[in-house]
Amino acid sequence: MSEFDEKALLERTSKAELEAKSIEAELDKLTNGDLSSAVDSRLDQLLQENEKLKHRLAIIENAIKAESNLTPGLESRKRPKLITDISSVEGNVCLLDELKNIFEIAITSAYPNLVDPPIVLTLSGNNPKFGDYQCNSAMPISHLLKSMNVSTNPREVANNILNKTPTSPLIERIEVAGAGFLNIYLNKKFAEHVLNCILQYGVRPPPVKRERVIVDFSSPNIAKEMHVGHLRSTIIGDSICRILEFLNHDVLRLNHLGDWGTQFGMLIAHLQDQFPDYKTCSPPISDLQAFYKESKKRFDEDEEFKKRAYSCVVQLQSGQPDYIAAWKLICEVSRREFQKIYDRLDIRIIDRGESFYQSRMDAVVKELKDSGFLEEDEGRLIMWGDPVTHEGIPLTVVKSDGGYTYDTSDITAIKQRVDEEKGDRFIYVTDAGQYTHFVTIDACARRAGILKNSQKIEHVGFGVVLGEDKKKFKTRSGDTVKLIELLDEGLKRSLDKLVEKGRDKVLTPEELKKAQEAVAYGCIKYADLSHNRVNDYVFSFDKMLDDKGNTAVYLLYAVTRIRSIARNAQVSETKLLEEAMKSGFKLEHVTEWKLGKVLLRFPEVILKVANDLYLHSLCEYLYEISSTFTEFYDKCYCIQKDKSGNIVDISYERLMLCEVTAKVMEKCLEILGIKTVSKM
Ligand code: ARG
């Protein structure tokens, strides 16, 4: 229905309404007066007419309602506001989103009758023949129209869209190509302006609606080892927090420590025997894991000890001060060990272990019980996500001995995160093996009305870490690898590498140490983040310390090299800014233009990653910047020297491009939690 049709219908409706009203008024008058037979028959006539009009009015009203449902373009859909003026744009504009807005307008005005037409925009491939971006909506729209018996073809649709496309300062030109592709070529002036903004104001986040995001990550278990799986969770989780914080979200970084449960009974019982005066002086449990193993052994072999361990749990859970003191002590020793890892890797996180939910668990269990969600099963109380199909596995909310479980603390935690923390997003970073657990928590939380509507649990799963032999990651002697030792080995190997390259002769001891740490921790993080997290990944120091290929070492070198270009030309940042104010950017050479366009994609890459939480796309982008920079640097001189090495010419425009490249790369590395160094 066209806008014109709708107007006509509305006019008819209000006319009918008026008519009906006036008849009703006449009727009112008549029924109040003296009724002759003539009046009587006139009344009947009018009553009939009134009924008819009411009927017509209802039909017209329904038709309008139905029509407006069909054409959201007219009522519910808000026309996006477009960029009309280059100077109103800043460095943080997301080109892809703006192009989507432009084509949404084009498509809805070319085809106003289509409900939610597909707005398909993608980056074009490497072939410059296909433009920079493509709108690929014509094919599915043509398909849709054909199914509605409209005879058309994709090229015709593409041309219709093109005719309705509003002009935009982003776009230089659009071509219809092949089967109905719309190839979009970006406007260089626009790109130059955006890059200039980045140079002036730094790399800023694209604007988004601020959300409260709870990220549950790292989360090792007290007294047990923090293994490579926890290392992955720590690295991935921290990077997720960083990207969300960069977008100005309100992020709560939570360490859901395994700090509560029956194993504490045996730990406390063992502590009582080994360090009877633990209450007054801190026992030297330097190796808490060994301590855990000893107590476990006693628990399995010694009936007496086992009984005592159980009674310790009861005492602990009822809040007996001595037992709480012992428990706190054990947690403290463990936390100190974890903190060493966090400090080295520069991870901020707030401890909020399972014990935090202790009192809340009682309330939640009661609530679930009272609402009839819990079923008895061999003495346990369980809850199904779907009580009818019994699909998947149920949560064990209360064990047969009355104790709580991992499930109980997680269903309670999600309630706390929704009700008290007022979260908008709930992210959990654990190994893929816990996928079903979180699906069940989500389903049960939904069933219990804890999660509403679009609220959901986002499980960020990842694969296992393998050794170079593709088997479970172990030391040569077959023991599990201690994380601290792993980090130490990283440090040693990174130093070897730097020395091998003779860097110890060029750098000061402080510079060398900084480079050593940046390389060691950077390479461990990057190796993890640059692989699609759902896959298993092979841990190999040799590969991650390689200075060729998509590695942290390669990227760190690339950034220092780019930084050194301006340094060698002795051009300060202030000087560059002055030049930029004067002449702005000029992306003349094809490789300059290509690099410029890659840099412009930063906001769209960030928004995608913040949404799907796949960090390897950010790593791929970083690598793409670096290789596009190399192409540019090979072809375009930034400074020219004469035979005796004196600088004879400086291209400020190109140095500006170097500067923006370094800035964007540094921001990406920062989001990945990788420290850059000015020299290495
Ligand atoms: N402590 C658990 C483990 O080591 C991870 C906890 C993840 N977070 C959660 N809310 N369940 O496997």
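Using the per-residue mean of other Cβ atoms lying within 10 Å as a proxy for protection, in what order, highest first, do the peptides 512-523, 397-408 fall?
Answer by packing, highest mean first, reads 512-523, 397-408.
Can you tell me, using C-alpha contacts under 8 Å and at least 6 residues apart, the relative contact order of segment 364-436 as a whole percent?
Computed over segment 364-436, the figure is 19 percent.
Of the options Asn153, Ala566, His270, report the single residue whose Cα projects farthest towards the positive end of the charge dipole of the chain (beta-carbon charges: Lys, Arg +1; Asp, Glu -1).
The residue sitting most towards the positive pole is Ala566.
If a helix is a whole DSSP H run, which ones in the chain reach 24 Å or further along their own axis (Cα) and hold a mean Kyte-Doolittle hydropathy of at least 1.0?
For the chain, where a helix must reach 24 Å along its axis and average at least 1.0, there are no hits.
Take the residue pairs Lys505/Lys667; Lys100/Lys597; Lys586/Lys667 and return only those whose Cα atoms are more than 25 Å apart.
Beyond 25 Å between Cα atoms: Lys505/Lys667.
Just going by the charge dipole of the chain, with Lys and Arg at +1 and Asp and Glu at -1 on Cβ, which of Val176, Leu82, Gly433 is farthest out on the positive end?
Positive-end residue among those listed: Val176.
List the aspartates and glutamates whose Cα sits under 20 Å from the Cα of Lys307, skipping any in the same chain fewer than 8 residues away.
Candidates past the 8-residue exclusion: Asp273, Glu294, Asp322, Asp401.
How many angstrom lie between the C-alpha centres of segment 216-266 and segment 563-589?
Cα centroid to Cα centroid, the span is 43 Å.
In nm, what is the difference between 0.36 nm times the number of residues separating Lys474 and Tyr637 and their Cα-Cα distance?
This chain segment gains 53.8 nm when fully extended.
Can you sort Asp386, Asp479 from fewest to most other Cβ atoms within 10 Å of each residue's own Cβ? Mind showing how you got there, number by number?
Numbers: Asp386 14, Asp479 9.
Fewest to most other Cβ atoms nearby, the residues stand as Asp479, Asp386.
Excluding same-chain residues fewer than 8 positions from Lys679, which aspartates and glutamates have a Cα within less than 13 Å of its Cα?
Asp504, Glu510, Glu511, Glu517
Give me the number: length gained by fully extending Gln358 to Glu378, i.e. 0.36 nm times residue separation minus the C-alpha to C-alpha distance, one decimal in nm. Mind dumping the intermediate values first?
Numbers: separation 20, 0.36 × 20 = 7.20 nm, distance 2.42 nm.
In short, 4.8 nm is gained.
Based on the Cβ-Cβ distance of Ser109 and Glu624, what FRET efficiency does E = 1/(1 + (r/R0)^6) give at R0 = 30 Å, to the nearest 0.05?
Working from the Cβ atoms, E equals 0.30.
Give the peptides 163-170, 211-218 in descending order of average Cβ contacts within 10 Å, highest first.
Taking the mean over residues of other Cβ atoms within 10 Å, the ranking is 211-218, 163-170.
Provide the FRET efficiency to the nearest 0.05 for the Asp343-Ser678 pair, computing r from the beta carbons and using R0 = 22 Å.
FRET efficiency, Asp343 to Ser678: 0.45.
For the chain, give the magnitude of the charge dipole about the Cα centre (Cβ charges: +1 Lys/Arg, -1 Asp/Glu; no others), in debye to the nearest 20. Don't skip to the end; give the middle numbers.
Working: 94 positive and 104 negative charges, 435 e Å.
Dipole about the Cα centre, nearest 20: 2080 debye.
So for the pair Asn50, Lys296, with labels modelled 7 Å out along Cα→Cβ, what separation do we get in nm?
8.6
I'd like to compare 551-562, 419-430: which one has the highest average count of other Cβ atoms within 10 Å, and what's the full order after that?
Values: 551-562: 21.8, 419-430: 18.7.
Highest-to-lowest ranking by the protection proxy: 551-562, 419-430.
Which residues in segment 318-346 have a backbone N closer than 11 Å to a point placed 7 Å from the Cα of Asp277 along the Cα-to-Cβ line?
none
Return the calculated 222 nm mean residue ellipticity for the chain, to the nearest 500 deg cm²/dmol, obtained by summing -39500 (n - 2.57) across DSSP H runs with n ≥ 4 and dividing by the residue count.
-18500 deg cm²/dmol
I need to check one value: relative contact order of the chain, counting alpha carbon pairs closer than 8 Å and at least 6 residues apart, in percent. Numbers along the way, then the final one.
Details: 952 pairs, mean separation 84.2, N = 680.
Relative contact order, the chain: 12 percent.
Amide H of Leu466: which non-local residues (sequence gap of 5 or more, or other chain) have their own amide H closer than 5 Å, using H built in the peptide plane?
Tyr537, Val538, Phe539
Of Lys513/Lys675; Lys472/Lys501; Lys366/Lys452, which ones are farther than 22 Å apart at the Cα?
Lys472/Lys501
Mind giving me the FRET efficiency for Val388 and Ser124? R0 is 45 Å, r the Cβ-Cβ distance, nearest 0.05 is fine.
The pair Val388/Ser124 has a calculated efficiency of 0.40.
Mean separation of Cα pairs under 8 Å and 6+ residues apart, divided by the residue count of segment 67-217: what relative contact order is that in percent? Each step should come with its number before you reach the end.
Details: 216 pairs, mean separation 39.0, N = 151.
Once divided by the residue count of segment 67-217, the mean separation gives 26 percent.
Sequence-distant or interchain residues sharing an amide H contact under 5 Å with Glu172, placed H: which?
Sorted by chain and number, the residues that satisfy this are Tyr185, Leu186, Asn187.
Once label points are set 7 Å from the Cα along Cα→Cβ at both Asn611 and Ser644, what is their separation, rounded to one decimal in nm?
About 5.9 nm, to one decimal.
For the pair Lys224/Lys78, report the inter-label distance in nm, with labels modelled 7 Å from Cα in the Cβ direction.
Result for the modelled spin labels: 4.8 nm.
Reachable aspartates and glutamates from Lys81, Cα under 17 Å, same-chain residues fewer than 8 places away excluded?
By straight Cα distance, Lys81 reaches Glu90, Asp97, Glu98, Glu104.
Every read-out reported here was derived from the displayed coordinates using simple, explicitly stated rules and does not represent laboratory data. Remember, it's a predicted structure, so these values are computed and weren't measured experimentally. Using ideal geometry, Cβ is built from the backbone for each residue, glycine included, and neighbour counts are taken over all protein chains shown.
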